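Have a look at the structure below before the remarks.
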């Protein structure tokens, strides 16, 4: 079986896919035979995901797809890249899109690495007349936005987590317990360090409660209102606050990377510093998440 596949498109396939499409796309992903990663952001649009310029043009029984996506947090060897393309340029916004399972490793598609701050391997996906069969469209040729909304519900935290873990806070607690100052006293003997560490522990506990509650609602088919996005917003903002506390407590050691033999926790704290900044924009900006929460 393949190592990892993003699960966000599973809901779209379950809700909108035909039985044949479920067998073609969903079943091999569940068996670990195929991988996928969603295409969301286009270069010009930022967080406005409905402002799509990528085009899908009908050609006999197939579709020809031309467009570009950026900041795609994939590995580059996925089998499919699900996302929307404009199928009817004359139709109104939100009714002009189709949702396609775009295959990788076919003529016309190029996946290029992007060198960005978080360092998570974001990619730039370029499509130039990529030919896909008609059954690669999930839903109707004007239902792409609705299909995408099903995907975004999971992207915005709709499933929660049964066993959330906050490695950054765990590492901070371990460092405070074990590290010593130049005078041989423990770092954790400082009341300010104790306060900063406890603030992160409490926020991590609150985040865990939110994620478990959302997971319980998801498993019990409870109607969600703002629960998933509440955990989403809190997780982004508390992650930034914890990253700041790590810098304050660990000082220069928080910036030692994975290749530095003196880095605490094999440099994972430095990775977390960059990741926390990038999480403010993952799956839409924090302000977008707040708007969704308010609605």
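A few notes on this one:
- Principal axis dimensions, the stretch 8-155 - Cα atoms, whole angstrom, descending: 38, 38, 32
- For the options 160, 121, 60, a Gaussian network treatment of the chain with springs between C-alpha atoms closer than 10 Å singles out 60 as fluctuating the most.
- FRET efficiency for residue 285 and residue 179, using Cβ-Cβ distance with R0 set to 30 Å, rounded to 0.05: 0.30
- The order of 224, 85, going from fewest to most other C-beta atoms within 10 Å of their C-beta, is 224, 85.
- Shape category assigned to the stretch 79-170 from the gyration tensor of Cα positions, a/c cut at 1.5: oblate
- Full extension of the chain between residue 198 and residue 131 gives 18.6 nm of extra length, using 0.36 nm per residue less the Cα-Cα distance.
- Surface/4 of the Cα convex hull for the chain, nm²: 17.2 nm²
- Degrees between helix 191-219 axis and first principal axis of the chain (Cα, 0 to 90, nearest 10): 30 degrees
- With bins 10 Å wide beginning at 0, the percent of Cα pairs of the stretch 1-85 falling in each bin runs 16, 41, 37, 6.
- Efficiency of FRET from Cβ geometry, residue 105 and residue 7, R₀ 30 Å, rounded to 0.05: 0.90
- Euclidean distance of C-alpha centroids, the stretch 66-126 and the stretch 145-195, integer Å: 31 Å
- Estimated from helical segments only, the mean residue ellipticity of the chain at 222 nm is -12000 deg cm²/dmol, where each DSSP H run of four or more residues counts as -39500 (n - 2.57).
- Spin-label model, residue 88 to residue 222: label points 7 Å out along the Cα-to-beta-carbon direction sit 3.9 nm apart.
- Straightening the chain between residue 48 and residue 209 buys 54.9 nm, computed as 0.36 nm per residue apart minus the Cα-Cα spacing.
- Using a cutoff of 8 angstrom between alpha carbon atoms and counting only pairs six or more residues apart, the relative contact order for the stretch 167-294 works out to 22 percent.
- Neighbour-count order for 274, 95, 245, 259, fewest beta carbons within 10 angstrom listed first: 259, 95, 274, 245
- Antiparallel bridges, percent of DSSP beta bridges restricted to the chain (to nearest 5): 95 percent
- Cα extents of the stretch 165-208 along the three principal axes, largest first (Å): 36, 18, 9
- Translational diffusion coefficient (Stokes-Einstein; Kirkwood radius from C-alpha pairs) of the stretch 198-238 at 4 °C, 1.567 mPa s, in µm²/s: 123 µm²/s
- Isotropically averaged projected area of the stretch 167-294, using the convex hull of Cα atoms (one quarter of hull area), nm²: 8.9 nm²
- Anisotropy class of the stretch 109-248 from Cα gyration tensor, a/c 1.5 cut: oblate
- Degrees between helix 227-250 axis and first principal axis of the chain (Cα, 0 to 90, nearest 10): 40 degrees
- Degrees separating the helix 268-278 axis from the principal Cα axis of the chain, which is the longest one: 50 degrees
- The stretch 161-206 - percent relative contact order, Cα under 8 Å, separation 6 or more: 33 percent
FYI, it's all coordinate maths here, none of it is from the lab. Not measured: the values here are computed from a predicted model. All Cβ positions, even for glycine, are placed from backbone atoms using ideal geometry, and neighbour counts span all protein chains on display.
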